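A.B. asks: Can you keep this structure in mind? I'll have questions shortly.
The values are calculated or read from the model by the stated rules, or taken from the named source; none is laboratory data. Since we're looking at a predicted model, the values are computed, not measured. No Cβ is skipped: glycine too gets one built from the backbone with ideal geometry, and neighbour counts run over all protein chains shown.
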Amino acid sequence: MTDLVTITGIAVGGDGVGRLADGRVVFVPRTAPGDRIRLRDGSLQRHRNFARAELGEIVEAGESRVAPPCPHYVHDHCGGCQLQHLAYDDQLKAKRAIVGDTLRRIGKLKVEDPEVVEALEEWRYRSKISMAVKTSVGLHPHDRPNFVFPLADCHISDFRLMALWRELRSRLTMLPQPLTRLTLRIDREARRHIIAESSPPGEPWLNADELRRALQGVVDGEVVCWWQPVDGAARVVAGPATGFPATAFEQVNPGMGMITRRWAVEQLGDLRGQTVWDLYGGIGDTAALLVAAGANVVSVDADEEAVSWGRDRLPAARFIAARAEDVLPSLPVPHAVVVNPPRAGLHWDVSLRLTSEPVPKLVYISCDPATLARDLQRLNVNYQVTGVRAFDLFPQTAHVETVAVLEAA
């Protein structure tokens, strides 16, 4: 392939976007706007309306291109990040355009590209890292998803987790076998959690106390070991059982998560004495802000461990462990609703309830612009979007958090 391709933008997922000589759009990973490139020979895959290819040669680098600092990103093609080769300001521009274009194209909304709130930290922000296990323990390359390269250091993970990982790497035989996944997490009290997932046939993690004692001498902070059989419940096998649900969902960028939730709650106005639903509420971080604002909060989440922890730390709110779509008819009529669904977006029954019985104010916190746009189009029947703001919770990656504010039409 000798034809030159000029990259003009960044697509959802982080690939660079250009056009082939025949006018067909082509997506090329690890390219930057302004790059003039040649495609790698044999990598071009033509589809009906687009094509995909791999980068062969950078003939001329765009102004936004920088040298990625992580060796894994360069040498191992790590799939955990997608945008390390872009200057941070250009990452923000790309995410702003991705959200705006997606809302207009899929959601059919007449909105401008939203403001993007930049991250507090560009690096070392992740409070959790999950590693795959094959012949090595590490991460997947973006171009070889069935392969795992051994991880030395993840530049976007909290340095305290990486300090734990450096000590753990030489003690992998002390983990339960056969090990299928390893997750490291640091909680808000700075305890380090090791969640070891193993598959049958295998023995329970019987020597976790021995590992914990070995790590306590070289790692700052309390270490808690969890054993999770595949398709089974995780439990603490060494260390204090604090009640913190280490396997429950929580934003991996806690500081930016709080900024996002605080802005979302502020958009609801005066909540004193008002009933507010917190759907997909997790461990109750949004519920805590709503309670502080004087609201009567009903928080719903399907994760029983997350709900249990939220209930213990926030008795002023009502927590329900259930799928949101199953319990909406039994909930008190709300003045406002906050939804923070998983990447798949709102269940159809939740959208139907919100449109058939509109609430004065609705705030949608989304981790996926495409499902957000789809749901906003559905909600557009009885709501108007009055504000959109994006938050960069995931620097160096193509992911972006978006908050949409809606009012009943």
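A.B. asks: Please count how many residues of the stretch 21-68 are surrounded by 19 or more Cβ atoms within 10 Å (Cβ to Cβ), over 28 Å from the mean Cα position of the chain (by Cα) and on the phi > 0 side of the Ramachandran plot.
C.D. replies: 0
A.B. asks: Exactly one condition in (1) among the acidic types (Asp, Glu); (2) exposed (fewer than 14 other Cβ atoms within 10 Å of the Cβ); (3) touching a strand residue (DSSP E or B) at 6+ places or on another chain (Cβ under 6 Å) is not met by Asp15; state its number.
C.D. replies: With (1) among the acidic types (Asp, Glu); (2) exposed (fewer than 14 other Cβ atoms within 10 Å of the Cβ); (3) touching a strand residue (DSSP E or B) at 6+ places or on another chain (Cβ under 6 Å) applied to Asp15, the lone miss is (2).
A.B. asks: Take the residues of the stretch 329-351 that are within 26 Å of the chain's Cα centre (by Cα) and hydrophobic (A, V, I, L, M, F, W, C): which is farthest from Ala398 (Cα to Cα)? Walk me through how you get there before you give the answer.
C.D. replies: The initial filter retains those residues of the stretch 329-351 that are within 26 Å of the chain's Cα centre (by Cα), namely 336-351.
If we keep only those that are hydrophobic (A, V, I, L, M, F, W, C) as well, we get 336-339, 344, 346, 348, 350.
Values: Ala336: 31, Val337: 28, Val338: 25, Val339: 22, Ala344: 17, Leu346: 22, Trp348: 27, Val350: 28 Å.
Per the criteria, the residue is Ala336.
A.B. asks: Something else: Which of (1) touching a residue at least 24 places away in the same chain (Cβ under 8 Å); (2) crowded, with 18+ Cβ neighbours inside 10 Å is the odd one out, the single condition Pro71 does not satisfy?
C.D. replies: The number of the failed condition is (2).
A.B. asks: Then there's this: For the stretch 257-278, check the following and say yes or no: at least one residue is closer than 21 Å to Thr183 by Cβ and in the same structural domain as Gly387 (by TED's automatic domain parsing).
C.D. replies: yes
A.B. asks: Using the structure shown, decide if Glu115 is surrounded by fewer than 16 Cβ atoms within 10 Å (Cβ to Cβ), under 21 Å from the mean Cα position of the chain (by Cα) and either more than 29 Å from Leu151 (Cα to Cα) or basic (Lys, Arg) (or both).
C.D. replies: Values: surrounded by fewer than 16 Cβ atoms within 10 Å (Cβ to Cβ): yes; under 21 Å from the mean Cα position of the chain (by Cα): yes; either more than 29 Å from Leu151 (Cα to Cα) or basic (Lys, Arg) (or both): yes.
The answer is yes for Glu115.
A.B. asks: Looking at Ile10, Ile37, can you tell me which residue is touching a helix residue (DSSP H, G or I) at 6+ places or on another chain (Cβ under 6 Å), under 30 Å from Leu393 (Cβ atoms) and not assigned by TED's automatic domain parsing to the domain that holds Leu372? Working first, answer last.
C.D. replies: Details: Ile37 fails: touching a helix residue (DSSP H, G or I) at 6+ places or on another chain (Cβ under 6 Å).
Just a single option satisfies the conditions, and that option is Ile10.
A.B. asks: Let me ask something additional. Any chance you could count how many residues in the stretch 37-55 are more than 15 Å from His85 (Cβ to Cβ) and assigned to a strand (DSSP E or B)?
C.D. replies: 7
A.B. asks: Let me ask another. Mind counting the residues in the stretch 97-143 that are assigned by TED's automatic domain parsing to the domain that holds His155, under 17 Å from Gly16 (Cα atoms) and among the charged types (D, E, K, R)?
C.D. replies: 1
A.B. asks: Another question, if that's okay. Taking the stretch 346-389 only, how many residues are in contact with a Lys or Arg (Cβ under 6 Å, 6 or more places away or on another chain) and within 22 Å of Phe249 (Cα to Cα)? First the steps, then the outcome.
C.D. replies: Step one: filter the stretch 346-389 for residues in contact with a Lys or Arg (Cβ under 6 Å, 6 or more places away or on another chain), giving 351, 367-368, 377.
Okay, now just the ones that are also within 22 Å of Phe249 (Cα to Cα), so 367-368.
The number of residues fulfilling the criteria is 2.
A.B. asks: Taking Lys95, is it under 30 Å from Asn146 (Cβ atoms) and charged (D, E, K, R)?
C.D. replies: Details: under 30 Å from Asn146 (Cβ atoms): yes; charged (D, E, K, R): yes.
So Lys95 passes the test.
A.B. asks: Then there's this: Can you tell me which residues in the stretch 118-150 are crowded, with 18+ Cβ neighbours inside 10 Å and either more than 20 Å from the chain's Cα centre (by Cα) or among the acidic types (Asp, Glu) (or both)?
C.D. replies: Matches in the stretch 118-150: Val133, Val137, Val148, Phe149.
A.B. asks: Here's a check for you: in the stretch 289-309, which residue that is over 23 Å from Ala344 (Cα atoms) and in contact with a helix residue (DSSP H, G or I) (Cβ under 8 Å, 6 or more places away or on another chain) is surrounded by the most Cβ atoms within 10 Å (Cβ to Cβ)?
C.D. replies: Residues of the stretch 289-309 that are over 23 Å from Ala344 (Cα atoms), as a first pass: 289-297, 308-309.
Next cut, in contact with a helix residue (DSSP H, G or I) (Cβ under 8 Å, 6 or more places away or on another chain) only: 289-290, 293, 297.
Values: Leu289: 21, Leu290: 29, Ala293: 17, Val297: 27.
Of everything passing the filter in the stretch 289-309, Leu290 is surrounded by the most Cβ atoms within 10 Å (Cβ to Cβ).
A.B. asks: What number goes with the only condition from (1) of a type in the set (Phe, Trp, Tyr); (2) buried (at least 24 other Cβ atoms within 10 Å of the Cβ); (3) closer than 24 Å to Ala233 by Cβ that Tyr280 does not pass?
C.D. replies: (2)
A.B. asks: A further question follows. Here are the criteria: (1) over 22 Å from Glu325 (Cβ atoms); (2) charged (D, E, K, R); (3) touching a strand residue (DSSP E or B) at 6+ places or on another chain (Cβ under 9 Å). Tell me which single one Asp270 does not satisfy.
C.D. replies: (3)
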